[in-house]
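These notes are about the structure you will find just below.
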Amino acid sequence: MKKKWWQEAVVYEIYCKSFCDSNGDGIGDLQGVISKLPMLKELGVNCIWFTPIYTSPQVDNGYDVADYRNIDPAYGTIEDFKKLLDLAHGMGIRVIMDMVLNHSSDEHPWFRESRKSKDNPYRNYYIWQPPKEDGSEPNNWGSYFREGNGSAWEYDELTGEYYFHQYAIKMPDLNWEYEPLRREIYDMLHWWIDLGVDGFRLDVFTRFKKPAGFPDTKKAPNPQLDRNGFVVDTSMCTNIDGIHEIVQELYREVFGPRDCMTVGEGAEVTYQNALDYVCASRKELDMVYHFELASRARYSISAEFFRNVQKNWAGVMAHNAWPVQFMSNHDTARQVSCYGCDSEEYRKISAKLLAALIHTTPGTPFIYQGEEIGMVNVKYDSIEDYNCCYTKGDYHSMVALGASPKEALDALAPRSRDNARTPYQWDDSENAGFTTGKPWLKVNPKYAKINLAEDRDSKDSIFAFYQKLTRMRREDPAIIDGDLQFLLEDHEDLIVYLRRCARQTLLVVANLSGKTVPFPVPEALKENLWERRLTNREDTQSSLDTGRDLLPWELEIYELAR
């Protein structure tokens, strides 16, 4: 069966604010992206995903949208975006947009109208509830960002009611129960497709539906974070009965009739319920962006864990669905710092290994900006240097509950979203070549040694390795069409798997550890002739005839000779 374009794509996520600043104001912009399109083409990507670039007060870096049909002036104009679309399409690069449809900014005209009076035509665009008899919040739900007193409800004196916000106080949740709101959203999505956009990433789509009656959560509070009796419960508005009817209507009204790719950010979506969203017969979404490999709460992965995740999602794929492959994005820490080794000796080698695992397993790989040069985590000295709403909210909660500032920062820094949001490191000039002004977020001080110019000049370039992987994805049918079979499944450190289709068989061997590990070549592999296609250590033995040691973080890809 002929594959859809997005099944053969390599997607590159652009966090525009931190990518490339063209005018020296310290904020990345569309003209900066335009100037780097040739680099992206050279890397081998054929689709880019923009995190939100709409008009926004930037409380959560664009995920608080004030105008869904315009570009924030900090990034440029709608004409800049049209130019970028034309240039990207001319290079064979498609463009998808991040759609934030669970909530908006409180500066959106819809909300400004909604809060004016209880009978305003826009009142039901958002979720309003009266106080309890004692004037307190409607329930005990906590906000993910833990602002104010920690509640997910904010009192509005003008009308004497509370509005609901799962995230920041200035990010009220939209009311998907209200048909006029849904119609506005469908019209807006069609407008972007008419403009030339090729698809959408749906932010926290599993939280569009809220539970009837807004009952209290019974979850016990987190003693280190939850305050004042308000409890953050990730299930409070996630995968609620009725969510599928919402997504199916989105498909009927927009996605189905139009030629656009959809990928949902699947909070609480696992291989066990993914088919409800992405099985083709369900007519909901093309793919779901799950967090079983990459997570802000996960600092390492084992070979066994990786095998299990891939086998589970291969099972999903067997039922006419398509998975996504990634290990980091704008919401997680840097993958080489978490799952590889960011020491000077092993950073490049482990970065290549992780890239190979993502690009040779079934599904569509998503590259996050900076992976292709091995960017690493950052540790700032003060909470004042951080921007991430989760980091700041959790920090102040921990300190209020008795932790010292150092204890709080030490605990939160490794999982801060700012690890992934530091400006892109283009070269070793001031501010890493990102801007001629003051960057909106401090550049990682390691930029002098970790930058694109240095990487591309080196004989062991990570960028060049990514180019080889994206080329293999275009040219090697087993990567797109092949089945997945793991070997040595009980091995503590080695990940070994075959990708096979009628035209080709590939073998991937990876040492997911910082130690030298003996590789017992299975007898079945010794019976055939294997040619090495790719390695992250050129000075190693290329034959599979006998067993041998695999060096720390060593990666080998072989092809069965015909």
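None of the figures in this text is laboratory data; all of them are computed from the coordinates on show. These numbers were taken from a predicted model, which means no experiment stands behind them. All Cβ positions, even for glycine, are placed from backbone atoms using ideal geometry, and neighbour counts span all protein chains on display.
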In the structure shown, of Lys449/Lys515; Lys2/Lys468; Lys348/Lys442; Lys83/Lys348; Lys446/Lys526, the pairs separated by more than 32 angstrom at the C-alpha atoms are Lys83/Lys348; Lys446/Lys526
Per-residue ellipticity at 222 nm attributable to helices in the chain (runs of n ≥ 4 DSSP H, -39500 (n - 2.57) apiece, nearest 500 deg cm²/dmol) works out to -7500 deg cm²/dmol
The size of the Cβ-based charge dipole (Lys, Arg +1; Asp, Glu -1) of segment 507-562 about the Cα centre, to the nearest 20 debye, is 80
Nearest-0.05 FRET efficiency for Cys501 and Asp156 at R0 = 41 Å, using Cβ-Cβ distance, is 0.10
The aspartates and glutamates whose Cα lies under 16 Å from the Cα of Lys459, excluding any fewer than 8 residues away in the same chain, are Glu344, Glu345, Glu372, Glu538, Asp539
Mean projected area, convex hull of alpha-carbon positions in segment 482-560, reported to one decimal in nm², is 4.9
Here the residues of segment 507-539 lying in the modelled label zone of Glu489, meaning backbone nitrogen under 20 Å from a point 7 Å along Cα-to-Cβ, are 507-512, 520-526
Shape descriptors of segment 129-202 over alpha-carbon atoms, Rg and Dmax in angstrom, are 16.3, 52
The answer for the net charge of residues other than Leu551 whose Cβ lies under 14 angstrom from its Cβ, with Lys and Arg +1 and Asp and Glu -1, is -3
Simple SL model, points at 7 angstrom along Cα→Cβ for Ser458 and Glu407; separation in nm is 3.8
Using eta = 1.306 mPa s and T = 10 °C, Stokes-Einstein with Kirkwood Rh from Cα pairs puts D for the chain, in µm² s⁻¹, at 64
Measuring from the longest principal axis of the C-alpha atoms of the chain, the long axis of helix 179-195 (C-alpha) lies at a number of degrees, nearest 10, equal to 40
Note: Arg532 to Glu8 extended length (0.36 nm per residue) minus current alpha-carbon separation gives 186.3 nm
Relative contact order as a percentage, the chain, C-alpha pairs under 8 Å and 6+ apart, gives 13
Using eta = 1.567 mPa s and T = 4 °C, Stokes-Einstein with Kirkwood Rh from Cα pairs puts D for segment 1-139, in µm² s⁻¹, at 75
So, relative contact order of segment 482-560 in percent, Cα under 8 Å, 6 or more apart, is 33
